[in-house]
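Undergrad: Dropping a structure here in structure tokens format, bear with me for questions.
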Amino acid sequence: MPSVFIKTYGCQMNVRDSEQVQRQLAERGYTLAAREADADVILLNTCSVRDMAEQKALGRAAHLSALKKRNPNLVLGVMGCMAQRIGDEVLERLPDVDLVVGTQKFHQVAGYVDQLRRSKDGTDPGEALRILDTEAEAGSQNTIREHVLAPRQVSAFVSIMQGCNMHCTYCIVPSTRGRERGRPIAEITAEVRRLAEQGVKEVTLLGQIVNLYGRHEFPKDERGRSPFVQLLEAVAGVDGIERVRFTSPHPIGFRDDLVDAFTELPELCEHVHLPLQSGSNRILKAMRRAYTVERFHELADKLRAARPEMAITTDIIVGYPGETETEFEETRAAVRRAGFDNAFVFRYSPRSGTPAAQMEDQLSEDEKMARNQELLREIDEINRPRAEGLVGRETEILVEGESKTNPARFQGRTRTNKLVLIDANERFRGELLPVRVTETTGFTHYAEPALVGVA
């Protein structure tokens, strides 16, 4: 049987898209290769959010050309956001790439791969030698709906929408993913029900701006609740689903009905990833973020009032064009005020075609790096006392399976999305397990079962 190796860059949505491609190839008889060198087909699912992500993917694709010298029938493909953004350029720069598929055509990949393999092995020499498909396709949001589950897998991503209408000045996503398009609640709920029947206990709903789901397509209900809150209630009501998460939201999508959902739906985990991006109101306005720092803090306070154990994580961009030292200090102050549990701090990366890339006063890479490191130190200082406060306490984790770095340990996450490691024990795989935290590194916690008589 032919084999495929899929390398995924970027966000959880890319992971979910790659899973869909894997599922469709599996239905055509493809197996999953453990290494690129063993594969008949290599697919790179790419990210365009930052230039570094694109350069990594381009560099990897160029490196893989050597494999084609040993195996001329190898199919090499590039999918996703970078393919959508610069598909023609990819084919021009990388002559060994056979397939370039954009963000609305993942469901076509398996057919294209078969077509290319027929061309290469001579089965059908009339087939195309290279394929580029980055065209928009109506209804593409409904094509990411199938899963590849490992034995006793208990957590899964569920894509509920595609696209984004916000047009933040630094962001390429509206160009690579298109406009907002949501799937019907009934279809999403049916997908979650199938997952629950296969043993999944936790789902994470995915969207570019997930809490704006369905706002232009589906009505509010008789209680005035948004389509997203209606979806949360439907998913939380599926038998077997113990935990519901969502990512990534936008502060402007947190209306009172969504805050109230945290008090009304016990399945909704007390963790929100809430992107701040900057602590300067001037920079937020320049970014077109449509909220102020004061509004952000008000929202964070409401969420913590709804769930006292609420964990809030965030995204922050440092070195946005024109950001002064004073404005950077405002961001540091906002971080301290918010008391984030964790933060992803990014150096501003100019993206061709975005307004911010054309702005004057672009900061140097050295200045952006310095601010990045300063802010990371600030976040570490905020988080460490909170993490150390967990030592000796009991909490509940959903045991996912082997740690990514140590097969002698199992990993799981608390409801607040803290990573916890325990000694591996097959009895605990896939279970909701009470544990007692014994030590912490700050962002990784070690624990032992808190069950009487369990070793």
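The values are calculated or read from the model by the stated rules, or taken from the named source; none is laboratory data. Because the structure is predicted, anything quoted here is derived from the model rather than measured. Positions of Cβ are backbone-derived with ideal geometry, glycine not excepted, and every protein chain shown enters the neighbour counts. All accessible areas refer to the heavy atoms of the entire protein, side chains included, with ligands and DNA or RNA removed. Shrake-Rupley method; radii C 1.70, N 1.55, O 1.52, S 1.80 Å.
Undergrad: Being open to solvent by 20 Å² or more (accessible area, probe 1.4 Å), within 24 Å of the chain's Cα centre (by Cα) and of a type in the set (K, R) is the filter here; which residues of region 257-305 pass it?
TA: R288, R304
Undergrad: Which is crowded, with 24+ Cβ neighbours inside 10 Å and either among the basic types (K, R) or in a helix (DSSP H, G or I) (or both), of A62, A83? If you could, list the steps in order and put the result at the bottom.
TA: Details: A62 fails: crowded, with 24+ Cβ neighbours inside 10 Å.
Testing whether each residue is crowded, with 24+ Cβ neighbours inside 10 Å and either among the basic types (K, R) or in a helix (DSSP H, G or I) (or both) leaves just A83.
Undergrad: Another question, if that's okay. Keeping to region 377-408, report how many residues are surrounded by 15 or more Cβ atoms within 10 Å (Cβ to Cβ) and not acidic (D, E).
TA: Taking region 377-408 as the starting set, the residues that turn out to be surrounded by 15 or more Cβ atoms within 10 Å (Cβ to Cβ) are 378-379, 382-383, 386-387, 390, 395-401, 403.
With not acidic (D, E) added as a condition, the list becomes 379, 382-383, 386-387, 390, 395, 397-399, 401, 403.
Qualifying residue count, region 377-408: 12.
Undergrad: Does L43 fit the bill of being in contact with a Gly (Cβ under 8 Å, 6 or more places away or on another chain), hydrophobic (A, V, I, L, M, F, W, C), modelled with pLDDT of 95 or more and at negative phi? Before you say what the answer is, go through the steps one by one.
TA: On the way: in contact with a Gly (Cβ under 8 Å, 6 or more places away or on another chain): yes; hydrophobic (A, V, I, L, M, F, W, C): yes; modelled with pLDDT of 95 or more: yes; at negative phi: yes.
Criteria met by L43.
Undergrad: Does R16 satisfy being closer than 21 Å to H107 by Cα and open to solvent by less than 30 Å² (accessible area, probe 1.4 Å)? Please lay out each step first, then the result.
TA: Details: closer than 21 Å to H107 by Cα: yes; open to solvent by less than 30 Å² (accessible area, probe 1.4 Å): yes.
For R16, the condition - closer than 21 Å to H107 by Cα and open to solvent by less than 30 Å² (accessible area, probe 1.4 Å) - is met.
Undergrad: Quickly run through region 406-455 and pick out the residues that are of a type in the set (D, E, K, R) and more than 25 Å from the chain's Cα centre (by Cα). Lay out the reasoning, then the answer.
TA: Of the residues in region 406-455, the ones of a type in the set (D, E, K, R) are 409, 413, 415, 418, 423, 426-427, 429, 431, 436, 439, 448.
Result: D423, E426, R427, R436, E439, E448.
Undergrad: Is there any pair linking a residue in region 53-71 that is farther than 30 Å from R347 by Cα to one that is open to solvent by 20 Å² or more (accessible area, probe 1.4 Å) and of a type in the set (K, R), with Cβ under 8 Å and at least six apart or on different chains, and which?
TA: Going by the 8 Å Cβ cut-off, there are no qualifying pairs.
Undergrad: Hey, can you tell me all the residues within region 243-262 that are small (G, A, S) and part of a helix (DSSP H, G or I)?
TA: G253, A261
Undergrad: Only one of R295, R337, R332, R307 is touching an Asp or Glu at 6+ places or on another chain (Cβ under 6 Å) and closer than 17 Å to I283 by Cβ. Can you tell me which? Reasoning before the result, please.
TA: Details: R295 fails: touching an Asp or Glu at 6+ places or on another chain (Cβ under 6 Å); R337 fails: touching an Asp or Glu at 6+ places or on another chain (Cβ under 6 Å); R307 fails: closer than 17 Å to I283 by Cβ.
Testing whether each residue is touching an Asp or Glu at 6+ places or on another chain (Cβ under 6 Å) and closer than 17 Å to I283 by Cβ leaves just R332.
One line per residue, one yes/no per condition, for (1) assigned to a strand (DSSP E or B); (2) in contact with a strand residue (DSSP E or B) (Cβ under 8 Å, 6 or more places away or on another chain):
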| residue | (1), (2) |
| --- | --- |
| V4 | yes, yes |
| K7 | yes, yes |
| N14 | no, yes |
| D17 | no, yes |
| V21 | no, yes |
| G29 | no, no |
| A37 | no, no |
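Undergrad: Exactly one of these conditions fails for E365: (1) under 26 Å from V259 (Cα atoms); (2) among the charged types (D, E, K, R); (3) open to solvent by 60 Å² or more (accessible area, probe 1.4 Å); (4) in contact (Cβ under 8 Å) with a residue 12 or more places away in the chain. Give me its number.
TA: All conditions pass for E365, except number (1).
Undergrad: So, one more: Can you find, within region 306-331, the residue that is nearest to N417 (Cα to Cα) among those that are open to solvent by less than 50 Å² (accessible area, probe 1.4 Å) and assigned to a helix (DSSP H, G or I)? Even if it seems obvious, please write down each step before you answer.
TA: Of the residues in region 306-331, the ones open to solvent by less than 50 Å² (accessible area, probe 1.4 Å) are 306-307, 310-323, 327-328, 331.
Going one step further and asking which of them are assigned to a helix (DSSP H, G or I), we end up with 306, 327-328, 331.
Working: A306: 17, E327: 30, F328: 28, T331: 24 Å.
Once the filter is applied, the top-ranked residue is A306.
Undergrad: On to the next question. May I ask you to list pairs of residues, at least six apart or on different chains, whose Cβ atoms are under 8 Å apart, with the first in region 154-170 being modelled with pLDDT under 95 and the second being part of a loop (DSSP other than H, G, I, E, B) and open to solvent by less than 10 Å² (accessible area, probe 1.4 Å)?
TA: Every condition considered, the pairs that remain are M166/H250.
Undergrad: Mind listing whichever residues of region 420-437 are in a strand (DSSP E or B) and surrounded by 15 or more Cβ atoms within 10 Å (Cβ to Cβ)?
TA: Passing the criteria: V420, L421, I422, L432, L433, V435, R436, V437.
Undergrad: Looking only at residues that are open to solvent by less than 70 Å² (accessible area, probe 1.4 Å) and part of a helix (DSSP H, G or I) in region 341-362, which one is nearest to A53 (Cα to Cα)?
TA: In this case the residue turns out to be A357.
Undergrad: Separate question: From the list E146, E137, pick out the single residue that is within 23 Å of the chain's Cα centre (by Cα) and more than 23 Å from L231 (Cα to Cα).
TA: E137
Undergrad: Same structure again: Starting from residues that are in a loop (DSSP other than H, G, I, E, B) and among the charged types (D, E, K, R), keep the ones in region 169-201 and report whichever is surrounded by the most Cβ atoms within 10 Å (Cβ to Cβ).
TA: Taking region 169-201 and keeping what is in a loop (DSSP other than H, G, I, E, B), we get 169-172, 178-180, 183-184, 198-201.
Subsequent filtering for residues that are among the charged types (D, E, K, R) retains 179-180, 183, 201.
On the way: R179: 11, E180: 22, R183: 24, K201: 19.
Taking the candidates together, the pick is R183.
Undergrad: Go through region 202-222 and give me each residue that's open to solvent by 40 Å² or more (accessible area, probe 1.4 Å), in contact with a helix residue (DSSP H, G or I) (Cβ under 8 Å, 6 or more places away or on another chain) and farther than 17 Å from P251 by Cα.
TA: E217, F218, P219, K220
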